[in-house]
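Working notes for the structure below.
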Amino acid sequence: MKNFFKAGVCLMGLLGLTGLVCGGCRGAEPERVQNTDTAMGTVVQQNLYVRSGGEKEAEEILKLLRGLEEQQLSRRLEGSEVWNVNAAAGSEEGCPVSADLEALLEDCLSLWKQSEGAFDVTLGEVIALWDMDGWALGEREGVFTPPDEETLQDALGRCGSGRLELAEGRLFLPEGMKLDLGAVGKGAALDCLLGYLAESEKITGAVISVGGSVLTYGDKPDGSPWKVGIRDPRDSSANMGVLTLEGQWCVSTSGDYERFVEVDGVRYHHILDPATGRPADSGTAGVTVLSKSGFDSDALSTACFILGPEKGMELAERYGVEVLFVGTDGSIQMSPGMEAYFRD
C-alpha cells in the first residue's frame, strides 16, 4: 500500500530576483521577505516584496490564516463556526453564523446548483468514512479497505446541499449532516489574503501558496511576471507547464495525486463524487483553474475534476474562469483563454 500527500501547485522562478526602484518609495528598493510555515493544515509559502518596516507582514499573514481556520472554517477545532454548526445539526433553533460564513455558504449553494450537485459541502460524513487524510499521512494503522456499499449509502443519506436552510443569519442542518469546507477553504483564504494585501501600505508584490492554491498580487521590483508551475500528476518532480501571470490572480489545482492510497493497482483519492460517495472517476488526474477569485478557483477545480472535461469546460465558461485538465492518460485539454498563460 502506498500513502501520498502532495500539493498540486508549485511556485516557479522565485529565486535570483533583483529589486529595482519602486515608484513612490523615495528611491528605496522593496525588500524581499520569504517565509515557509504551516496553517490551515497545509504548507504556506510566502514570497513578499515589502517597503522598509514591513518585516512582520509574513507573520501577520500566517496569523490571519490561522484565525480563519480556528474561528470559522475548521470542522475539527471546537468553537469554530463550522464546528458549532455541525454540533447543532438537527436542532430546531439552528446555529447562528457570521455574515462572512453565510455569504460563503450562499456561494457554495449556488455552485452546487450550477454544477448539478458535483460540488457539495455537506459530505462531511462520507469524507470521515474514507478518512483519506489519515491514510495518506500515515496516521492510520492497518490495511486500507474501502467502505462497504451499505455503510457508504447510509452516510450519503445524511448528505445533500439541497437540505441546508439559511435564514436570517442562522443555518439549519438536518440531524446527522456534517459540513466540510475543505474543497473551498483554501480559496476562501486567498480571498481573505487579497483583502489584506489590498489594504497593506507595505506590500508591493506577493506570491503566496496555501497548499494547492496560489495567489499572485502586485508586481515584482524588476517588472518580470509571476510564474506558477502546474505539477505533473504522475511525476512530483516535474511540471506539465508553467502559467505566466501579471498582477493579481488566483490559481488552484485539484488532483488525484494530492492525497491518495493505492492498493492492488487501484488509486483511491480524496476527491469524492457526491453522486456515488466514492473517489471521482472522470478520466481526470488534475484540474487547474485560473481566476480573479479565490473561491472560484478552488471550488471550481474540485467541481470540474468531478465533472470531467466536457461538462467541466461548460461550467468554467459559465463562471468566466480559465481551466486546464490533465487526463489520467497524460493528455491536456484547456479553455481557449488558458492558452494565453500556459507554456509547456
In degrees, nearest ten, helix 99-114 long axis to first principal axis of the chain (Cα): 70
Largest-first ordering by accessible area, 1.4 Å probe, given options SER282, SER335: SER282, SER335
Per residue value of the accessible surface for region 198-278 (all protein chains in place, 1.4 Å probe), Å²: 35
The chain: Lys pairs at Cα distance under 18 angstrom, eight or more positions apart or on different chains: 8
Förster-model FRET efficiency, 45 Å R0, LEU137 and ARG32, C-beta, rounded to 0.05: 0.90
Rounded tilt (10° steps) of 185-199 against the dominant C-alpha axis of the chain: 30
Distant-in-sequence amide H partners of MET240 (H built 1.01 Å from N, under 5 Å): ILE230, ARG231, ASP232
Base-10 log of normalised Debye intensity for region 176-324 (one unit scatterer per alpha-carbon) at q = 0.09, 0.10, 0.14 Å⁻¹: -0.30, -0.37, -0.70
Normalised per residue, the volume of the convex hull around the Cα set of region 151-209 (Å³): 121
Cα long-axis angle, helix 309-319 against the chain (0 to 90 degrees, to the nearest 10): 60
Accessible area in the full protein assembly, largest first, 1.4 Å probe, for ASP148, ASP344, ASP191: ASP344, ASP148, ASP191
Inter-label distance for LEU64 and ALA103, nm, one decimal - labels placed 7 Å from Cα along Cα-to-Cβ: 1.4
Region 25-87: relative contact order in percent, alpha carbon pairs under 8 Å with at least 6 residues between: 23
Rg over Rh, two decimals, the chain (C-alpha only, Kirkwood Rh): 0.97
Normalised contact order of the chain, rounded percent, pairs of Cα under 8 Å and 6 or more residues apart: 21
For peptides 270-281, 53-64, sequence by mean Cβ density within 10 Å, most packed first: 270-281, 53-64
Rg over Rh, two decimals, region 56-146 (C-alpha only, Kirkwood Rh): 1.03
Å² of accessible area per residue within region 36-136, as computed with a 1.4 Å probe and no ligands counted: 46
Rg [Å, one decimal], Dmax [Å, integer] - region 246-344, C-alpha atoms: 13.3, 45
Distance histogram in 10 Å bins (all Cα pairs of region 68-216, percent per bin): 10, 34, 34, 17, 4, 0
Cleavage-rule hits (GluC sites (Glu not before Pro)) in region 251-318: DSSP loop, at most 11 neighbouring Cβ within 10 angstrom: none
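How much of the accessible area of the chain, probe 1.4 Å, is carbon plus sulfur, in whole percent?
45
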Dipole magnitude of the chain, debye to nearest 20 (Cβ charges: Lys/Arg +1, Asp/Glu -1, about Cα centre): 980
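The values are calculated or read from the model by the stated rules, or taken from the named source; none is laboratory data. Everything numeric in this text was worked out from a predicted model, so none of it was measured. Note that we place each Cβ from the backbone using ideal geometry, even for glycine, and neighbour counts take in every protein chain shown. Side chains included, ligands, DNA and RNA excluded: accessible areas come from the protein's heavy atoms. Shrake-Rupley method; radii C 1.70, N 1.55, O 1.52, S 1.80 Å.
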